[in-house]
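See structure below.
The values are calculated or read from the model by the stated rules, or taken from the named source; none is laboratory data. Bear in mind that the values here come from a model prediction, so they are computed numbers and not experimental data. Here the Cβ positions follow ideal geometry from the backbone for every residue, glycine too, while neighbour counts run over all protein chains shown. Note: areas computed on protein heavy atoms with side chains; ligands, DNA, RNA excluded. Shrake-Rupley method; radii C 1.70, N 1.55, O 1.52, S 1.80 Å.
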Amino acid sequence: MDLAEIKRLIEDGQIEYIKLGTPDIDGVFRGKRVDARFFLDSVEDGFAQSDVIFGWDIAENVLPNLHISNWERGFTDFVMKPDLSTFALVPWEQNVASCICDMWNEQGEQIIVSPRHVLKNIIERARQMGYAAMAASELEVRYFREDQASLRDKNFGTHLVPLNPGTNCYVISHATTDEPLIGHIARMMRDYGVDIEGYTREHGPGMYEMNMRYTDILTAGDRTMLFKNGVKEISHQLGYLATFMAKWNDQEDGSSGHTHVSLWDLNKERNVFWEQEAEGHMSQTMRHFVAGVLAKMPELMAIYAPTINSYKRYVEGSWAPTNTTWGMDNRTCSIRVINTHKRAIRIENRVPGCDANFYLVFAATLASGLYGIEHQLELPPRLDGNAYQSGKLDQALKRGDIKTLARNLSEAADLLEGSEMAREYFGSYFVDHFVTTRRWEVREFEKAVTDWERRRYFELI
């Protein structure tokens with residue numbers, strides 16, 4: 001919306017409050033609600049927000065030794081400046097709108113650890129190379145017949161009641177029983193401007209996948225954050241809970257966050273990945289791009305898999321990739337090339353889980369692809385058939401065609417810290433900040449006593 005339209009809606013009483021926020025390091029939409037009567041007074045100057053938004057972990061424990069936010073600085077204010085292109089009415093709330101903000105300090109400098117800022121920088125690099133990136137995400141979500149109180153009464157245990165029992169993947173009749181929630185979410189997202197191309201019952205109790213329509217890559221990041229936030233809000237309203245954990249239960253499949261990316265000319269008229277006469281219709285630009293994504297995937301794993309829990313999803317034969325493989329329409333590989341049409345040709349990055357921050361996932365995928373183009377990296381041979389087959393993998397590893405991916409967050413954080421590519425594309429300040437937050441996550445987990453430990457050791461040790 002433009003400012004005149006927003007002003008009209010406010011004056012007509014159609015907007016009473018506006019949710020202003022920005023993604024934190026974990027991709028959580030954080031901010032405040034502002035009375036619409038006062039919104040117009042400050043929309044140009046921005047709205048104050050404590051810098052602790054980038055200074056604590058997902059459980060809101062303040063991290064030590066962060067330069068951007070700490071006790072010594074007194075948790076000063078940042079400034080949230082609304083991006084009015086993201087302004088939208090919230091259809092599941094009465095007379096409420098939302099708007100995503102960019103973050104600045106009081107000296108007029110952008111906050112360089114802001115995930116939205118990181119993605120915008122990579123988009124600008126692509127633009128200078130003559131490319132516009134298009135993207136979409138498809139997230140698998142788990143729904144439960146629980147509320148915030150019952151979740152705590154059950155101590156977040158594995159005996160939570162799913163929305164729908166059984167796996168029932170792709171079963172239409174079982175999905176129909178869940179339409180009062182899932183269909184309502186899809187319609188609310190459509191009315192919110194988050195276009196859902198389709199959704200399906202997935203391979204797990206209470207598990208659904210929703211596929212967002214492709215758009216420019218910044219809007220794709222915005223929509224993914226708004227989708228995750230909206231799913232939680234709508235579920236709460238109807239008496240349910242939704243989780244985007246990568247692996248909520250070790251007895252069930254994990255939840256993925258597959259991302260689709262393509263490169264176009266700056267006018268967005270031609271998909272530069274397509275070449276009619278080339279093998280697989282893959283242009284040389286696309287081959288370099290895919291090569292870059294694969295080559296830098298191990299170094300960027302902490303972005304694709306940012307939590308302790310993320311790594312529980314990477315189990316052989318579980319639809320989650322464990323090596324830097326690629327294939328043509330092959331869902332067992334890390335990168336699936338989809339080449340059915342000159343406008344639809346794209347890559348699907350199957351590594352991220354749905355727990356990731358998708359501003360950073362899109363930034364990492366785009367940046368590594370641009371790196372491949374800039375350095376004209378050669379694409380290794382594709383992997384046909386089952387990418388989990390040990391003999392096939394062993395041969396590819398010996399030839400150096402593929403690399404293994406980190407199996408825990410500590411290893412992934414070390415690789416990111418040492419990545420010259422990440423420091424060049426994201427900036428050392430962001431890399432150091434993000435690595436610090438991931439190592440904090442590791443240390444917090446190392447202090448925890450888990451249910452697994454109690455089951456294994458309590459009686460017999």
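What shape does region 45-147 take by its C-alpha gyration tensor, where a ≥ b ≥ c are the square roots of the eigenvalues and a/c under 1.5 counts as rounded, a/b above b/c as prolate, and the rest as oblate?
rounded
Using the Kirkwood radius over Cα pairs, work out the Stokes-Einstein diffusion coefficient for region 69-213 at 25 °C and 0.890 mPa s, in µm²/s as a whole number.
Values: Rh = 19.0 Å.
After rounding, the answer is 129 µm²/s.
Would you kindly work out the equivalent ellipsoid of the chain from its C-alpha gyration tensor and give its semi-axes, the square roots of five times the eigenvalues, largest first in whole Å?
That gives 32, 28, 25 Å for the three semi-axes.
Could you compute the net charge surrounding Leu160? Neighbours are other residues with a C-beta less than 13 Å from the C-beta of Leu160; K and R count +1, D and E count -1.
Net charge around Leu160: 0.
In terms of the Cα gyration tensor, with a ≥ b ≥ c the square roots of its eigenvalues, is region 394-454 rounded because a/c is under 1.5, prolate because a/b exceeds b/c, or oblate?
Since a/c reaches 1.5 but b/c is at least a/b, the shape of region 394-454 is classed as oblate.
Hey, with R₀ at 25 Å, roughly what FRET efficiency would Lys342 and Arg127 work out to, going by the Cβ-Cβ distance, to 0.05?
Values: r = 22 Å, r/R0 = 0.88.
Once the sixth-power term is evaluated, E becomes 0.70.
Go through region 385-461 and name the chymotrypsin sites (Phe, Trp or Tyr not before Pro) that are in a DSSP coil and have 11 or fewer other Cβ atoms within 10 Å of their Cβ.
Phe458
Could you state the accessible area per residue of the chain in Å², with a 1.4 Å probe and every protein chain left in place?
45
Write down the Kirkwood hydrodynamic radius of region 241-340, to one decimal in angstroms, obtained as one divided by the mean of 1/r over all alpha carbon pairs.
Result for region 241-340 stands at 15.4 Å.
Applying 1/(1 + (r/R0)^6) with R0 = 35 Å to the Cβ-Cβ distance of Arg407 and Glu197, what FRET efficiency is obtained, to the nearest 0.05? Mind dumping the intermediate values first?
Numbers: r = 33 Å, r/R0 = 0.94.
The pair Arg407/Glu197 has a calculated efficiency of 0.60.
Evaluated at 25 °C with a viscosity of 0.890 mPa s, what Stokes-Einstein diffusion coefficient in µm²/s does region 165-213 have when Rh comes from the Kirkwood expression over alpha-carbon pairs?
D = 223 µm²/s.
So what's the Cα pair-distance distribution over region 145-252, bin width 10 Å, in %?
Whole-percent P(r) values from 0 Å outward: 13, 44, 34, 8, 0.
With the full set of protein chains in place, find how many percent of the accessible area of region 322-392 is carbon and sulfur; take the probe as 1.4 Å.
Roughly 44 percent, rounded to a whole number.
Leaving ligands, DNA and RNA out of it, report the carbon-plus-sulfur percent of the accessible area of region 265-306 at a 1.4 Å probe.
So the carbon and sulfur contribution to the accessible surface is 40 percent.
Out of all Cα-Cα pairs in region 338-461, roughly what percent, to the nearest whole number, are more than 22 Å apart?
56
Please report the relative contact order for the chain, taking Cα pairs under 8 Å with a sequence separation of at least 6, and give it as a percent rounded to a whole number.
15
Starting at 0 and stepping by 10 Å, how many percent of the alpha carbon pairs of region 12-74 end up in each bin?
Bin by bin from 0 Å, the calculated values are 20, 39, 28, 11, 2.
Can you tell me the Rg and the Dmax, both Å, for the Cα atoms in region 422-461?
Spelled out, the Cα radius of gyration and Dmax of region 422-461 are 17.2, 52 Å.
Return a whole-number percent for the relative contact order of region 135-226, with Cα pairs under 8 Å and 6 or more residues apart as the contact set.
Details: 129 pairs, mean separation 38.2, N = 92.
The normalised contact order for region 135-226 reaches 42 percent.
So what's the net charge close to Ala133: Lys and Arg +1, Asp and Glu -1, counting the other residues with Cβ under 12 Å from its Cβ?
On the way: positive: Lys120, Arg125, Arg127, Lys268, Arg346; negative: Glu124, Asp216, Asp265.
Taking every other residue near Ala133 into account, the sum is +2.
Of the heavy-atom accessible surface of region 37-156 (probe 1.4 angstrom), what whole percent is carbon and sulfur?
Ligands and nucleic acids excluded, carbon and sulfur reach 46 percent.
Quick one: which of 211-222, 65-76, 273-284, 371-382 comes out on top by average Cβ neighbours within 10 Å, and what's the full order, highest first? Please list the in-between numbers first.
Details: 211-222: 20.9, 65-76: 13.4, 273-284: 15.2, 371-382: 16.9.
Packing order, densest peptide first, comes out as 211-222, 371-382, 273-284, 65-76.
What is the magnitude of the charge dipole of the chain about its Cα centre, with +1 placed on the Cβ of each Lys and Arg, -1 on the Cβ of each Asp and Glu, and no other charges, expressed in debye to the nearest 20?
960
Test of understanding: what is the full-extension gain from Lys447 to Thr76, defined as 0.36 nm times their sequence separation minus their Cα-Cα distance?
Working it through step by step, the gained length comes to 130.5 nm.
Give me the percent relative contact order of region 273-366, please, defined on Cα pairs under 8 angstrom at least 6 residues apart.
26
For a bin width of 10 Å, list the pair-distance distribution of region 238-279 built from all Cα-Cα distances, rounded to whole %.
All Cα pairs considered, the percentages come to 20, 25, 18, 21, 15, 1.
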